[in-house]
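These notes concern the structure reproduced below.
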Number of protein chains: 2
Amino acid sequence: MPPQSVTMADVAKAAGVSRTTVSFVLNGRMESSIPESTRERINQAARELGYRPNAAARTLASKRSSWFGLVTEIATSPFATDVIKGAQQAAWKDGNFLLVAPSEDDPGMEQLAVEKLLEQQVGGLIIATTWHREITVPENAKSVPCVLVNCFDAEREFPSIVPDEIGGGYAAAEILAEAGHTNIGHITLKTGIPAQIGRQTGMKQALLDHGIEPDDSKIVPGDGTADSGYHGTQTLLSQSDPPTAIFCGNDRIAMGAYDAIKERGLRVGEDISIVGFDDQEILAPHMRPKLTTIALPFEELGMAGVALLNQMVEGSPIENRQITIGCPPRIRSSVAMHGRR
Amino acid sequence: MPPQSVTMADVAKAAGVSRTTVSFVLNGRMESSIPESTRERINQAARELGYRPNAAARTLASKRSSWFGLVTEIATSPFATDVIKGAQQAAWKDGNFLLVAPSEDDPGMEQLAVEKLLEQQVGGLIIATTWHREITVPENAKSVPCVLVNCFDAEREFPSIVPDEIGGGYAAAEILAEAGHTNIGHITLKTGIPAQIGRQTGMKQALLDHGIEPDDSKIVPGDGTADSGYHGTQTLLSQSDPPTAIFCGNDRIAMGAYDAIKERGLRVGEDISIVGFDDQEILAPHMRPKLTTIALPFEELGMAGVALLNQMVEGSPIENRQITIGCPPRIRSSVAMHGRR
DNA sequence: ACGTTTTGCTAACACGATTCAGTAACGCGC
DNA sequence: GCGCGTTACTGAATCGTGTTAGCAAAACGT
C-alpha cells in the first residue's frame, strides 16, 4: 500500500539500484545496456510500490511537456466538441494531453488563454474556431508551434487545416444531378463567408460538369437559420418553374425547408429532394425523412491538427501548409430519383 | 526581447535582488515586509523581460497543481460540451485548468484515463457522464478529491451532482396543466433509467397537485428516439379520447411527435400542445413551432462540480453530498391554452 | 549608549525527475 | 598479466520554483 507518493528514489532503493538506472528502465531507454534481469527487478519494484511518475518533474527536467493547448470558442457551438474529441484522441495516442482553454471569441480573452497555456509549458498550440473564417492570431502564440483549425490568418503565416467547402458543395450538387434533377435550387449561408462562397462555387462546378447550366435565379440568399430556409423554400417553390431539388447551405436551413415543403402538402424525398450540409449529429439523422447531407469533418480536423503539430514539434519539415479535409456525403432518404425512372 | 525563457533568476538579477524576494513579490506574499519601491522595481523588471512563470516548476515545488481532471465520454453526445464548458469557466475563474480525458464508456479506458490524469498531478477529479446513471468509480480515483457529475456510485461514497429530474418533470406537466389541459399524454424514455423514473414521477405529482388524476393508459413507453416519439404519438392520437397535450421524455421524442401530428393534419401548438425535455440547443429553438421544453443544466452541473471540488481541495467540510440542480423550463410556442379561453 | 524590535532582505534546501560524464568490474586476446 | 573493449551501472549537475530559517542594518525605546 503506497502511503502518499512513491518516487523514483523509492523504487531505486527497493530494487537496489540507482535513480539513474530506474529512469532508464522505466523510460525504455535501450541505449544503455541493462540486462533483462535488472529491468525485471526494477519494473516489479515499481509495480509493487505503486509508482506513479510525476509529470511536472518530468516536464521540468526534460523541458518537453506532454501536452498541447487547444483554444476554442467552447461556448457557441456543439461543433467544438468534435474538434476537441478528434484532437483529444490523436493526442492521447501518443500519450499527450490536451489543455483546453476558452477564447469566447474575445481577442483579449484569447490572448490571455494563450498566455496561460504557455505558462503550462504546452509544446504546441491549436487555435480552432467553430465556423470557418479568417482570424488574427494573438502575438504570443508565436512562442511555440501553432496550427489553425477551421480558420486561417490573413498572411497565411500559420499552417491551417480547413474543410473542403468546394468539394462539399460539389458533392451535394452531384448527388442531386445524378438523381436526375436538372432544376436545382440553392439556399445560401450568410453571403461572403468562406463556407458560403466555397459551397456555392462547388455546386456551380458540379452542375457544369453534369451538363446543367447554373441559374442564378434559383439561388436565394439565406443566413443559416431555419427561418431563412423556410422562407427561401417558399420563394423557390413559388416560382413559375419551381426546382425539384434544393441544396440547403446547412442542416438548419434544410429543417426550415422541410417545414415549408410539408406545409404546401408536398413530400420531402418524393416531390422535392433536399440535401443539407454539416451533418449535425442530433439533427440530420432524426429528421423525417432522414436528411441526406454533407458532413463537416470536425473530428478529422482536430486529429489533423494534432498530427501536424506533432510534426512541427519534432522539427520535421512540413510540406503542406494549407491542408483541406474532405467533406464526405451522408446519404439518407431526402433525395429521390427524378425524371426517367 | 526575451530570447528563450526568462526565469525568476533573470528577473532577480535585473532588479538587483535575490530570487526569493522575486518569488515573494510575484506571488503577492504580503507577510514578508517588502517596501512598495522594491515591489515596483521587481514587477517592472518582470514586465520588461517578459517573464512567464513555469507552471511545471511551480507544481513540483509547491506540490499543488493548478488543474483538475475531467473524464467524460466525449464521443457520444453534445451534452459533454456543456459540462466541459461550465467546468472550464468555473475553473478558469480561479486560474485553474481543466485536463480533459476521454473515457469512452470503457472501464479499462476509464481507469487508464484517471491514472494518466493523476500522473499529471491533478488536484481533483470530475467524472462526468452524458446521461444520468449509476456508475462504478475506478479504484485509483480515490487518490484525490473526486466528484461525480450527472452520475452517482451505488454506495454513495462520492459526492455527486445531478439534475433534478423530478422537478423537471413536475415543471413540464405543470406548464400543460396551467394551460388548461387535463388530458395529458406522456411518451417516456427507456424505462428504468433515472431520467425516465424521475420525470415521470414529477409529472404524476404535478397532475395530482392540479387536481388531475394520472391515467396510466396515457403513458406510452418510448426509447428516446424520434421514431419512438412518432409512433408513440400515433398511439396516443388513435385513442378514443386522445390527449390534447403530450409531455415528451426528451426533445428528440418531441421531434417525432411533431411529425406524427403534422401528418394527421393537426397543428402543433394549436390543436396539440407539446413539451419536451433537454432543451437541445440546435434542435428545440429551431423546430416549428419552437419547442417549449425543460432544460438540462449541464453547464451548471459542470460549474457546481468544480465549485465542490474546490471546497474539497481546500478541506472545507461539505455539507451536502448529493446536490441536485434545477431544470428550468424554456417557454416557447408549442403549448396552447386549452378549454375556457 | 545599549538592548530590543522591526524592516528588508538572502542562503540554502526541497521537489522529482532527466541526463551527461564517468567508472568499476569483467571478459578476452596475446 | 597487460591493454582494451564491453557491460552494467552510478554520481552529480540541472530544470525553475517554493519555502523555511535566519541575518544585517536600521529604528526605537529608555
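The values are calculated or read from the model by the stated rules, or taken from the named source; none is laboratory data. Since the structure is predicted, the reported quantities are computational estimates derived from the model, not experimental observations. Using ideal geometry, Cβ is built from the backbone for each residue, glycine included, and neighbour counts are taken over all protein chains shown.
The table that follows gives values for the structure above.
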| read-out | value |
| --- | --- |
| Residues satisfying the stated conditions in the stretch B:7-17, i.e. near DNA strand D (Cβ under 8 Å from one of its atoms) and surrounded by fewer than 16 Cβ atoms within 10 Å (Cβ to Cβ) | B:A9 |
| Residue check, A:Q111 among the polar types (S, T, N, Q), out of contact with any strand residue (DSSP E or B) (no Cβ under 6 Å at 6 or more places or on another chain), under 21 Å from A:S160 (Cα atoms) and more than 16 Å from DNA strand D (Cβ to nearest atom) | yes |
| Among the candidates B:G95, B:G69, residue that is more than 18 Å from A:G95 (Cα to Cα) and at the interface with chain A (Cβ under 10 Å from one of its Cβ atoms) | B:G95 |
| Criterion: under 25 Å from B:E119 (Cβ atoms), buried (at least 21 other Cβ atoms within 10 Å of the Cβ) and more than 13 Å from every other protein chain (Cβ to nearest Cβ) - qualifying residue of A:I126, A:I84 | A:I126 |
| Single match in A:D278, A:D241 (criterion: at positive phi and among the acidic types (D, E)) | A:D278 |
| Verdict on A:Q88 being in contact (Cβ under 8 Å) with a residue 24 or more places away in the chain, part of a helix (DSSP H, G or I) and closer than 20 Å to A:W67 by Cβ | yes |
| Failed item in (1) under 26 Å from B:A90 (Cα atoms); (2) of a type in the set (A, V, I, L, M); (3) more than 9 Å from DNA strand D (Cβ to nearest atom), with A:M30 passing the rest | (1) |
| Verdict on A:G339 being under 19 Å from A:E174 (Cβ atoms), over 18 Å from the mean Cα position of the chain (by Cα) and surrounded by fewer than 19 Cβ atoms within 10 Å (Cβ to Cβ) | yes |
| Options A:P78, A:P53, A:P35, A:P102: the member that is more than 25 Å from A:L308 (Cα to Cα) and within 8 Å of chain B (Cβ to nearest Cβ) | A:P53 |
| Per-region count, the stretch A:19-61, residues more than 22 Å from B:N140 (Cα to Cα), more than 8 Å from DNA strand C (Cβ to nearest atom) and surrounded by fewer than 19 Cβ atoms within 10 Å (Cβ to Cβ) | 12 |
| Qualifying residue in the stretch B:220-228 (condition: closer than 17 Å to B:A172 by Cα and of a type outside the set (S, T, Y)) | yes |
| Test: residue in the stretch B:91-103 that is farther than 19 Å from A:L112 by Cα and either within 12 Å of DNA strand C (Cβ to nearest atom) or surrounded by fewer than 18 Cβ atoms within 10 Å (Cβ to Cβ) (or both) | no |
| Long-range neighbours under 8 Å by Cβ, at least six apart or interchain, first residue of a type in the set (D, E, K, R) within the stretch A:56-81, second more than 16 Å from DNA strand C (Cβ to nearest atom) | A:E73/A:A80; A:E73/A:P102; A:E73/A:S103; A:E73/A:E104; A:E73/A:D105; A:E73/A:T129; A:E73/A:T130 |
| B:R156 vs. criteria touching a residue at least 24 places away in the same chain (Cβ under 8 Å), farther than 30 Å from B:L60 by Cβ and outside the structural domain of B:T244 (by TED's automatic domain parsing) | yes |
| Odd one out for A:G202, checked against (1) within 25 Å of B:P285 (Cβ to Cβ); (2) assigned by TED's automatic domain parsing to the domain that holds A:M287 | (1) |
| When residues of the stretch B:270-295 are limited to those that are away from every other protein chain (no Cβ under 13 Å) and in a loop (DSSP other than H, G, I, E, B), the one farthest from A:A257 (Cα to Cα) | B:F277 |
| Some residue of the stretch A:296-315 being touching a residue at least 40 places away in the same chain (Cβ under 8 Å), within 10 Å of chain B (Cβ to nearest Cβ), surrounded by fewer than 20 Cβ atoms within 10 Å (Cβ to Cβ) and over 25 Å from A:T244 (Cβ atoms) | no |
| The stretch B:241-265, residues that are assigned to a loop (DSSP other than H, G, I, E, B), within 14 Å of chain A (Cβ to nearest Cβ) and touching a residue at least 24 places away in the same chain (Cβ under 8 Å) | B:N250, B:R264 |
